[in-house]
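> This is the structure I have questions about; it appears just below.
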Amino acid sequence: MSNSQTPGSDSYSIEAEIPANTKTYSQGQLVFRRFVRHKGAMASLIVLLFITLTAITSIGVGPLPGWWDKDYTRATAVLDGGRPTIGFFSLGEHPFGQDTIGKDYFALVMRGTQISLLVAVTVGVLSTIIGTIIGAVAGYMRGWIESILMRLTDLVIVIPLLALAAVIAKAASDQGVFVLALVLAIVTWTGLARLVRGEVLSLREREFVAAARAVGTSPARIIFKHILPNTIGVIIVSATLSIASAILLETSLSYLGFGVQSPDVSLGLLISQYQNAFLTRPWLFWFPGIMILLIALSINFIGDGLRDAFDPRQNRSKD
Amino acid sequence: MTKYILRRLGASFLVLLGGSLLLYVLTINSDDPLKDLRESNADNREYLIQQRTEFMGLDQPWYVRYWDWLTGVSKCVTLNCDLGTNRNGVDVGSLLGNAASSTLRLVVLATVLAIVIGIVVGILTAIRQYSGFDYSVTFLAFLFFSLPVFWVAVLLKEFAGIQFNNWMQEPTFSPVQIIITALVLALILSAVLGGDWKRRAATAGVTLVFVASAMTYFSAVEWFRRPLLGFGFVAIVGIAAAVGSTTLFVGFKNRRVLYSTLATVAAGLVSYFAFRGVIEEPTWPVLIGLFIMSLVVGGLIGWFMGGYSRKPAAALSAFVGGTMALLTAADMAVSHWASFLSLKPRPISTIGSQTPNFSGGFWESLLDVGAQIILPTIVLTLISVASYTRYTRSSMLEVMNQDYIRTARSKGLSERVVIVKHGFRNALIPITTIVAFDFAGLIGGAVITEKVFGWKGMGELFETGLRTVDPNPVMAFFLVTGTAAILMNLLADLAYAALDPRIRR
């Protein structure tokens, strides 16, 4: 190789190395292409979008009305023992049936789905922010700051997740779903904090960080502009999976009675309210459960697709 | 190494202390502990309030209450624990004893099962990456950890518990059931074993015929009402364990190890008859003593017959000895199934950890406890298996892409040695971390499983404690999970040292 072609010399250009008719992709485009090719993840994305859109548009949000004419709080006369009327091509009067006192179960399940999704997404975003900041600061600052932050992480980890969530949620009950979401975020950031700290520990020793430090960049700018963009894959994947686990955690808490409080509904609360009706009115049990399963499953698959897209080391090479 | 472990223990102890303070303060502030009494109309309301205030120390500030609890717990060092009383004045220590034994029984069994199944399936999927088997297991794993625990528990109660009981009234298979089961098993096995289509067809065919004829036979003799394993079964499975473990870990060609494990099987078969009278109506100490004895005897046989490969021979023979002991016990338990059925015609009741007032011999009671533990164990195992399978698979794939694996293959080592010695041993290191973390979490997760199945375990202790704003039961729950977490982390540290010589220094 002649001297003029070594990287760093003035005449060298990477563009000159690539044949003119080859299309080039940025890192983001490569990730996007790999994600789109993941069939399971794409199918899951469509399912999740469908569920979300149905839940939002059917009964509406707040003052905005939806296309479904029944209300989840109003009971009407029980028709045909409250059996579901859903068919392959028709919804019928009560697609998911009616509950024991005649409320439309489709509206109830849609309301539960809204709340569960709202809680899960809030938890996912908040816990990702907390975990990322704590992990990044601990990993970059080292010293006593790291000791304090990591001992704090250990402190939260040593109490079983469900127990800690239940205790705080009980203290904050009757405050609405946003407080519940905040509580769940306070207990679920630990895993990501550890992951991010590990990544940052290795990144902070790299040359580009040393260069940034040498020109006097502030620690905050180094962390947010130079280090964190390099850990974006880990963070996005973990955020996705934390949404899935938040859905399950919220349903578990509501099942124990420490989560969403009646008269508001969530999918977990619906199951716990009607679990004894399994033999007489099985649909009251099936529909919310299948809804939770579908949401959690599709989010998990999307997370898997994202992981493969960001970190293709374990895949058979396709690009 | 010792210094490192001591430092880790010290740090975890401090974290545990901090966690206990946090949980205590949060619990006592979560609500008003006298709420139900304030709203009650009972005549002796004032007296009740005063009594509860006394039991819970409500007239004292929070730090005094916490300090009282802490000094009580610190007496555990001299084996004289005082975990305080609950709000009705009942000693929490005695409550915890019963609760912890049933919960730990459940969680330990589920963890062991999940580790074994998860690791085996994980390795198989890693070896057969991108096969139909791999895709199916991946899908099932995602399905399992997307399942709401209580939902699947209620389903299992209905479809596994009650339907099994109904089926047990007349335990026969219809031809359709036989054909479908045999076909499914044949497909799974041929997918796992792999190979070209000829080999797959042969595997599927043999499995199909074997399963179909076995099911027809069992159905015809009503085996499931009067099951027996017998001497022949114990002998065949024992020999299979000896040959299989030898082939897997040291290779079939190592005659020293092969002969010592087979000798252990022979010794086990002799004691199958020799100890029959003793284990007809045993006690737990006797059974555990016999189990340890079989481990020791197996180890000794391996040690003296092992020759140049003394260590693997001793380890594998001890393993085979233990297997023989478990097989003998299983044979005994199964032979008592008929008398168990006569005592309890519907074997699985879906509530409680054992049948109250159950009167039967040792083996009948064991079968009763076993029948009660099956469903919750399945629930807990399913979820853990899903994550262990995924972790083992990715960890195995990561290792199998390393350069030293290519080196091992290129110097002509057999695929078995490459996978078991070079691949699996290194893949175990990250898996150890996951398992250690998971165990304490599983006790926490068992709260819900116990609630669905009506077990009086630690979950109930915690839930009732929290509902009634009663800190001592909640703290007892935390004490067990926290100690379990520290112990598991310690075990993980020791396992690292065993797996990775670089840490041993």
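The values are calculated or read from the model by the stated rules, or taken from the named source; none is laboratory data. Treat the numbers as computed from the prediction; the structure is a model and nothing was measured. So basically every Cβ, Gly included, is an ideal-geometry build from the backbone, and we count neighbours across all protein chains shown. We work out accessible area using only protein heavy atoms, side chains counted, and drop any ligands, DNA or RNA first. Shrake-Rupley method; radii C 1.70, N 1.55, O 1.52, S 1.80 Å.
> State which residue pairs qualify: first residue in contact (Cβ under 8 Å) with a residue 24 or more places away in the chain and inside segment B:402-417, second residue part of a loop (DSSP other than H, G, I, E, B) and of a type in the set (Gly, Ala, Ser) in any location, beta carbons under 9 Å apart, and separation of 6 or more residues or different chains.
The qualifying pairs are B:SER414/B:GLY251; B:ARG416/B:GLY251; B:VAL417/B:GLY251.
> Only one of B:VAL211, B:VAL120 is of a type in the set (A, V, I, L, M, F, W, C) and closer than 23 Å to B:LEU428 by Cα. Can you tell me which? Break it down stepwise before answering.
On the way: B:VAL211 fails: closer than 23 Å to B:LEU428 by Cα.
Testing whether each residue is of a type in the set (A, V, I, L, M, F, W, C) and closer than 23 Å to B:LEU428 by Cα leaves just B:VAL120.
> May I ask you to verify whether B:VAL420 is hydrophobic (A, V, I, L, M, F, W, C), modelled with pLDDT under 90, in a helix (DSSP H, G or I) and closer than 30 Å to B:THR27 by Cα? Spell out how you get there, then give the answer.
Numbers: hydrophobic (A, V, I, L, M, F, W, C): yes; modelled with pLDDT under 90: yes; in a helix (DSSP H, G or I): yes; closer than 30 Å to B:THR27 by Cα: no.
It is false that B:VAL420 is hydrophobic (A, V, I, L, M, F, W, C), modelled with pLDDT under 90, in a helix (DSSP H, G or I) and closer than 30 Å to B:THR27 by Cα.
> While we're on this one: Can you pull out the residues in segment B:192-201 that are closer than 20 Å to B:THR181 by Cβ and at pLDDT 85 or above? If you could, list the steps in order and put the result at the bottom.
Within segment B:192-201, the first condition is being closer than 20 Å to B:THR181 by Cβ, and the residues that meet it are B:192-193, B:200-201.
Answer for segment B:192-201, where residues must be closer than 20 Å to B:THR181 by Cβ and at pLDDT 85 or above: B:ARG200, B:ALA201.
> Considering only segment B:27-53, state which residues are open to solvent by 50 Å² or more (accessible area, probe 1.4 Å), within 13 Å of chain A (Cβ to nearest Cβ) and assigned to a helix (DSSP H, G or I).
B:LYS35
Conditions (1) within 11 Å of chain A (Cβ to nearest Cβ); (2) among the charged types (D, E, K, R); (3) over 21 Å from the mean Cα position of the chain (by Cα); (4) under 21 Å from A:ILE168 (Cα atoms), marked per residue:
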{"residue": "B:ARG409", "(1), (2), (3), (4)": "no, yes, yes, no"}
{"residue": "B:ARG416", "(1), (2), (3), (4)": "no, yes, yes, no"}
{"residue": "B:ASN426", "(1), (2), (3), (4)": "no, no, yes, no"}
{"residue": "B:ILE434", "(1), (2), (3), (4)": "no, no, no, no"}
{"residue": "B:ALA446", "(1), (2), (3), (4)": "yes, no, no, yes"}
{"residue": "B:GLY482", "(1), (2), (3), (4)": "yes, no, no, yes"}
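> Here's another thing I want to ask about it. Count, please, the residues in segment A:43-59 that happen to be surrounded by 15 or more Cβ atoms within 10 Å (Cβ to Cβ) and not β-branched (Val, Ile, Thr).
Within segment A:43-59, residues that are surrounded by 15 or more Cβ atoms within 10 Å (Cβ to Cβ) and not β-branched (Val, Ile, Thr) number 5.
> Still on this structure, I have one more. Inside segment B:215-232, can you point out the residues that are assigned to a helix (DSSP H, G or I), open to solvent by 30 Å² or more (accessible area, probe 1.4 Å) and more than 16 Å from B:SER271 (Cβ to Cβ)? Full working, then the answer.
To start, the set of residues in segment B:215-232 that are assigned to a helix (DSSP H, G or I) comprises B:215-220, B:230-232.
Narrowing the set further to residues that are open to solvent by 30 Å² or more (accessible area, probe 1.4 Å) leaves B:216-218, B:220, B:231-232.
If the condition is that a residue be assigned to a helix (DSSP H, G or I), open to solvent by 30 Å² or more (accessible area, probe 1.4 Å) and more than 16 Å from B:SER271 (Cβ to Cβ), then B:THR216, B:TYR217, B:PHE218, B:ALA220, B:GLY232 are the ones that fit.
> If you scan segment B:69-86, which residues turn out to be surrounded by 14 or more Cβ atoms within 10 Å (Cβ to Cβ) and free of Cβ contacts under 8 Å to residues at least 12 places away in the same chain?
B:CYS76, B:ASP82
> Going by the structure shown, is B:PHE439 open to solvent by less than 30 Å² (accessible area, probe 1.4 Å), touching a helix residue (DSSP H, G or I) at 6+ places or on another chain (Cβ under 9 Å) and at the interface with chain A (Cβ under 8 Å from one of its Cβ atoms)?
Numbers: open to solvent by less than 30 Å² (accessible area, probe 1.4 Å): yes; touching a helix residue (DSSP H, G or I) at 6+ places or on another chain (Cβ under 9 Å): yes; at the interface with chain A (Cβ under 8 Å from one of its Cβ atoms): no.
It is false that B:PHE439 is open to solvent by less than 30 Å² (accessible area, probe 1.4 Å), touching a helix residue (DSSP H, G or I) at 6+ places or on another chain (Cβ under 9 Å) and at the interface with chain A (Cβ under 8 Å from one of its Cβ atoms).
> Show the residue pairs meeting these rules: Cβ distance below 8 Å; 6+ apart or different chains; first residue within segment A:218-230 and open to solvent by less than 20 Å² (accessible area, probe 1.4 Å); second residue among the charged types (D, E, K, R).
A:ILE222/A:ARG213; A:ILE227/A:ARG204
Matching residues to (1) among the hydroxyl-bearing types (Ser, Thr, Tyr); (2) loosely packed, with under 15 Cβ neighbours inside 10 Å; (3) modelled with pLDDT under 85:
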residue	(1), (2), (3)
B:ALA325	no, no, no
B:THR328	yes, no, no
B:ALA333	no, no, no
B:HIS336	no, no, no
B:LYS344	no, no, yes
B:ASN357	no, yes, yes
B:GLU364	no, no, no
B:ASP368	no, no, no
B:ILE373	no, no, no
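> Condition (residue is in a loop (DSSP other than H, G, I, E, B), closer than 19 Å to A:SER266 by Cβ, within 12 Å of chain B (Cβ to nearest Cβ) and in contact (Cβ under 8 Å) with a residue 12 or more places away in the chain) applied to segment A:168-176: is it met by at least one residue?
Step one: filter segment A:168-176 for residues in a loop (DSSP other than H, G, I, E, B), giving A:172-176.
Those still in the list that are closer than 19 Å to A:SER266 by Cβ too: A:172-176.
Then keep just the ones that are within 12 Å of chain B (Cβ to nearest Cβ); that gives A:172-174.
Filter once more, so that each one left must be in contact (Cβ under 8 Å) with a residue 12 or more places away in the chain: A:173-174.
Within segment A:168-176, one or more residues are in a loop (DSSP other than H, G, I, E, B), closer than 19 Å to A:SER266 by Cβ, within 12 Å of chain B (Cβ to nearest Cβ) and in contact (Cβ under 8 Å) with a residue 12 or more places away in the chain.
> Something else now. Looking at segment B:145-163 only, could you name the residues that are surrounded by fewer than 18 Cβ atoms within 10 Å (Cβ to Cβ) and either more than 7 Å from chain A (Cβ to nearest Cβ) or touching a residue at least 12 places away in the same chain (Cβ under 8 Å) (or both)? Steps first, please.
Here is the first cut: in segment B:145-163, the ones surrounded by fewer than 18 Cβ atoms within 10 Å (Cβ to Cβ) are B:155, B:158-160, B:162-163.
Of everything in segment B:145-163, those that are surrounded by fewer than 18 Cβ atoms within 10 Å (Cβ to Cβ) and either more than 7 Å from chain A (Cβ to nearest Cβ) or touching a residue at least 12 places away in the same chain (Cβ under 8 Å) (or both) turn out to be B:LEU155, B:PHE159, B:ALA160, B:ILE162, B:GLN163.
> Here is a follow-up. Out of (1) within 11 Å of another protein chain (Cβ to nearest Cβ); (2) within 21 Å of the chain's Cα centre (by Cα); (3) crowded, with 22+ Cβ neighbours inside 10 Å, what's the single condition that is false for A:LEU269?
(1) is the only condition that A:LEU269 fails.
> I need a count of the residues in segment A:272-287 that are within 24 Å of A:LEU48 (Cα to Cα), touching a residue at least 12 places away in the same chain (Cβ under 8 Å) and more than 8 Å from chain B (Cβ to nearest Cβ).
3
> Those residues that are farther than 27 Å from A:LEU162 by Cβ and touching a Ser or Thr at 6+ places or on another chain (Cβ under 9 Å), I need them from segment B:138-175; list them, please. I'd like the intermediate steps shown before the answer.
First, the residues of segment B:138-175 that are farther than 27 Å from A:LEU162 by Cβ: B:162-175.
Result: B:ILE162, B:ASN165, B:PRO171, B:THR172, B:PHE173, B:SER174, B:PRO175.
> Out of segment A:84-105, which residues are crowded, with 16+ Cβ neighbours inside 10 Å and in contact (Cβ under 8 Å) with a residue 60 or more places away in the chain?
A:PRO84, A:PHE96, A:GLY97, A:ASP99, A:TYR105
> Out of (1) free of Cβ contacts under 8 Å to residues at least 24 places away in the same chain; (2) open to solvent by 20 Å² or more (accessible area, probe 1.4 Å); (3) within 11 Å of another protein chain (Cβ to nearest Cβ); (4) more than 24 Å from A:GLY191 (Cα to Cα), the odd one out for A:LEU293 is which?
(4)
> In segment A:136-156, how many are open to solvent by less than 50 Å² (accessible area, probe 1.4 Å) and within 14 Å of chain B (Cβ to nearest Cβ)?
Number of matching residues: 7.
> Considering each of B:SER260, B:SER271, B:SER219, B:SER294 in turn, give the residue that is more than 30 Å from B:ALA338 (Cβ to Cβ), of a type in the set (Gly, Ala, Ser) and in contact with a helix residue (DSSP H, G or I) (Cβ under 9 Å, 6 or more places away or on another chain).
Numbers: B:SER271 fails: more than 30 Å from B:ALA338 (Cβ to Cβ); B:SER219 fails: more than 30 Å from B:ALA338 (Cβ to Cβ); B:SER294 fails: more than 30 Å from B:ALA338 (Cβ to Cβ).
It is B:SER260.
> Quick test for you: out of B:TYR4, B:TYR24, B:TYR66, pick the one residue that is within 17 Å of B:PHE478 (Cα to Cα), away from chain A (no Cβ under 14 Å), touching a residue at least 24 places away in the same chain (Cβ under 8 Å) and not aliphatic (A, V, I, L, M). Steps first, please.
On the way: B:TYR4 fails: within 17 Å of B:PHE478 (Cα to Cα); B:TYR24 fails: away from chain A (no Cβ under 14 Å).
Result: B:TYR66 is the single residue among B:TYR4, B:TYR24, B:TYR66 that is within 17 Å of B:PHE478 (Cα to Cα), away from chain A (no Cβ under 14 Å), touching a residue at least 24 places away in the same chain (Cβ under 8 Å) and not aliphatic (A, V, I, L, M).
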